[in-house]
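Report on the structure given below.
Since every read-out is calculated from the coordinates, none of them should be taken as a lab result. Please read all numbers here as calculations on a predicted model, not as lab measurements. Neighbour counts are summed over all protein chains in view; Cβ atoms, including those assigned to glycine, are modelled from backbone coordinates with ideal geometry.
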Amino acid sequence: EAQVTQNPRYLITVTGKKLTVTCSQNMNHEYMSWYRQDPGLGLRQIYYSMNVEVTDKGDVPEGYKVSRKEKRNFPLILESPSPNQTSLYFCASTRTGGSGANVLTFGAGSRLTVL
Amino acid sequence: AQSVTQPDIHITVSEGASLELRCNYSYGATPYLFWYVQSPGQGLQLLLKYFSGDTLVQGIKGFEAEFKRSQSSFNLRKPSVHWSDAAEYFCAVASNSGGYQKVTFGTGTKLQVIP
């Protein structure tokens, strides 16, 4: 089944404790992206990647890091989490060309709470 | 810069009534437009998309949307709402230029369906 898999789905952590949210897709998509969803603000893009070793900032990158060493994986790293990073996070992927380009496939989401 | 406005934060309709959710976008060229739906506790699912051609597009679950360039709108409609349509709906615009791909979401419209 074509899918985007995120882990963990739920996480409660404390301020300053580094954490990584993993994202993996099995569709050979070039493009992957991270969003955070907050009430009243919709989805805001954190980082995106056009392909392996190609990443760039989205609209709200502060406090986050990403890497794209393999095509299928795009982990989101919070080096020193703070309470304002408490949010619902979504990973998504799509092709960059041809049929299906721009149509995002989303993971199920990761709800992160930082105390 | 591209942007999406969903002016209605919350809409309540009776089951069986018609529905229209508004979406206005800002983008310099012909946009790629989408509607996604998010059921409670779930990820986002694509309802329909517009890339080019016929300005009235059909989607899943009986939804349709009409692209009106003169009004910069892409409103979502359904003739008869079912209780299972209660969810949050997001309009999105995508661009592909210079090897840079970006998808921008609106802030969402939460739909409540009453018996």
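So here's what we get for this one:
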{"read-out": "Over chain A, relative contact order from alpha-carbon pairs under 8 Å, at least 6 apart, %", "value": "35"}
{"read-out": "Contact order relative to length of the stretch A:24-83, as percent, for alpha carbon pairs under 8 angstrom and 6 or more apart", "value": "29"}
{"read-out": "Relative contact order, percent, chain B [alpha-carbon distance under 8 Å, six or more residues apart]", "value": "37"}
{"read-out": "Computed lengthening from residue A:2 to residue A:18, 0.36 nm per intervening residue step minus Cα-Cα distance", "value": "2.7 nm"}
{"read-out": "Distant alpha-carbon pairs in chain A (separation over 20 angstrom), percent", "value": "35"}
{"read-out": "Interchain or long-range residues, amide H under 5 Å from residue A:68's placed H", "value": "A:53"}
{"read-out": "Highest-MSF residue in chain A out of A:12, A:46, A:77 [GNM, Cα springs under 10 Å]", "value": "A:12"}
{"read-out": "Cα centroid separation - the stretch B:10-29 against the stretch A:70-115, whole Å", "value": "26"}
{"read-out": "Flagged links, alpha-carbon separation over 21 Å, of A:17/A:57; A:17/B:102; A:57/B:102", "value": "A:17/A:57; A:17/B:102"}
{"read-out": "Amide H contacts of residue B:15 (H built 1.01 Å from N, under 5 Å, at least 5 apart or other chain)", "value": "B:114"}
{"read-out": "Karplus-derived 3J(HN,Hα), 6.51/-1.76/1.60, for each residue of the stretch A:100-115, Hz, glycine and proline x", "value": "x, 4, 6, 8, 7, 9, 9, x, 7, x, 10, 8, 10, 10, 10, 8"}
{"read-out": "Table column - 3J(HN,Hα) (Hz), the stretch A:54-60, Karplus curve with 6.51, -1.76, 1.60, x for Gly and Pro", "value": "10, 10, 7, 6, x, 8, 9"}
{"read-out": "Nitroxide proxy distance, nm - points 7 Å out along Cα→Cβ at residue B:52 and residue B:110", "value": "4.0"}
{"read-out": "Selection from B:14, B:70, B:39, by position along the positive dipole direction of chain B (Cβ)", "value": "B:70"}
{"read-out": "Long-range amide H partners of residue A:108 with built H, under 5 Å", "value": "A:6"}
{"read-out": "Estimated dipole of chain A in Debye, rounded to 20 [Cβ of Lys and Arg +1, of Asp and Glu -1, Cα centre]", "value": "220"}
{"read-out": "Partner aspartates and glutamates for residue B:110 [C-alpha distance under 13 Å; skip if fewer than 8 residues away on the same chain]", "value": "B:8, B:20, B:85, B:88"}
{"read-out": "Peptide-level mean, for A:97-106, of C-beta atoms on other protein chains within 10 Å", "value": "5"}
